[in-house]
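Read-outs: derived from the displayed coordinates by stated rules, not from any lab. Bear in mind the structure is a predicted one, so any value in this text is a computation, not a measurement. Cβ: placed from backbone, ideal geometry, glycine included. Neighbour counts: every protein chain shown.
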């Protein structure tokens, strides 16, 4: 929740609750902005011609809107419903839900330690952008994330405990097959070296697993927080193994498999 004096910016996506629906306009409350009011004109409800506005919105409904214009002096916020696609709506609703959870966790920490919750919010916003992002960083980076904050040890420990108990970092997995073929007398040792090189030291939250499928195939599985890091790790690992094989005058190749969540 933003401070009551804050206003949204143009083009920002905001979560709203529909309060009143008229023939040509819907009046809404901006949930993240201390319940400031806004309106959606019928022309911004949906693409194409809208005959009945109630076919699209109703009182009490949660909607995600794009901010078209803001006039703090008049207390006026114009919004668009039609300019938000399904993907943006899902992401924004998830972000809003996460921020609500994070608000609750900050309340727990403040109650347990006597810390000022606004002090925690301000530090989180200035260092991490979002409250939930701060808790995610505390889980993934631990003390390194907490060092950015000028909190007492007791507050840090409470934040860490709450984060570890509640935040579940999503993981993605990608797999592929290393095909390692050797014609050398000591081929077994060359392949062993190649497999060892395919398990380089990687970041704490990236895991590499190798499974023997039957000569000459070895499955390589990488688990990471996101596809970008998983792709980088599997490419580095497979290239290292193939490099060992080729330097020994043997052959190696990598066959990619589909992504899985």
Checklist entry - Debye sum, Cα scatterers, segment 88-166, no solvent: what log₁₀ I/I(0) at q = 0.12, 0.22 1/Å? => result -0.30, -0.98
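Which FRET efficiency, nearest 0.05, do residue 35 and residue 173 yield, Cβ-Cβ r, R0 51 Å?
Working: r = 42 Å, r/R0 = 0.82.
Given R0 = 51 Å and the Cβ-Cβ separation, E is 0.75.
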Checklist entry - Stretch residue 59-residue 253 to full length: gain in nm at 0.36 nm per residue minus the Cα-Cα span? => result 63.9 nm
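Over the chain, what is the percentage of antiparallel beta bridges among all DSSP beta bridges, to the nearest 5? Can you show the working numbers first?
Numbers: 44 of 46 bridges.
Around 95 percent antiparallel, to the nearest 5.
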Next on the checklist: Taking every pair of distinct Cα atoms and averaging 1/r, then inverting, what Kirkwood hydrodynamic radius in Å comes out for segment 1-143?
Outcome noted: 16.5 Å
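Just order 53-63, 152-162 by mean Cβ neighbour count inside 10 Å, highest at the front, would you?
On the way: 53-63: 14.4, 152-162: 16.8.
Top to bottom by mean Cβ count within 10 Å: 152-162, 53-63.
Quick one, what does Rg over Rh come out to for segment 122-190 if you take C-alpha atoms and the Kirkwood Rh? Working shown, then result.
Numbers: Rg = 21.2 Å, Rh = 15.1 Å.
Across segment 122-190, the Cα-based Rg/Rh ratio is 1.41.
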Item to check | Solvent-free Debye scattering, log10 I(q)/I(0), computed from the Cα coordinates of segment 172-260 at q = 0.10, 0.11, 0.19 Å⁻¹ | outcome: -0.23, -0.27, -0.77
Checklist outcome for this item: With Cα coordinates, the longest principal axis of the chain makes an angle with the long axis of helix 131-141, in degrees rounded to 10, of 20 degrees
Checklist entry - What is the gain in length, in nm to one decimal, between residue 193 and residue 126 on full extension, counting 0.36 nm per residue of separation less the C-alpha to C-alpha distance? => result 19.4 nm
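Counting residues in the chain as N, plug N into 2.2 N^0.38 Å and put the Cα Rg over that result.
Details: Rg = 26.1 Å, N = 261, 2.2 N^0.38 = 18.2 Å.
Expressed relative to 2.2 N^0.38 Å, the Cα Rg reads 1.43.
Calculate, in nm to one decimal, what residue 210 and residue 23 gain on full extension: separation in residues at 0.36 nm each, minus their alpha carbon distance.
On the way: separation 187, 0.36 × 187 = 67.32 nm, distance 6.30 nm.
In short, 61.0 nm is gained.
Compute the semi-axes of the equivalent ellipsoid of segment 13-83, taking the square root of 5 times each eigenvalue of the Cα gyration tensor, and list them largest first in whole Å. Don't skip to the answer; put the middle values down first.
Working: eigenvalues 69, 32, 23 Å².
So the three semi-axes of segment 13-83 are 19, 13, 11 Å.
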Item to check | Separation in nanometres of the label points that stand 7 Å from Cα toward Cβ, at residue 68 and residue 228 | outcome: 3.4 nm
Checklist outcome for this item: Each label sits 7 Å from Cα toward the beta-carbon; between residue 186 and residue 7 the label points are separated, in nm, by 7.5 nm
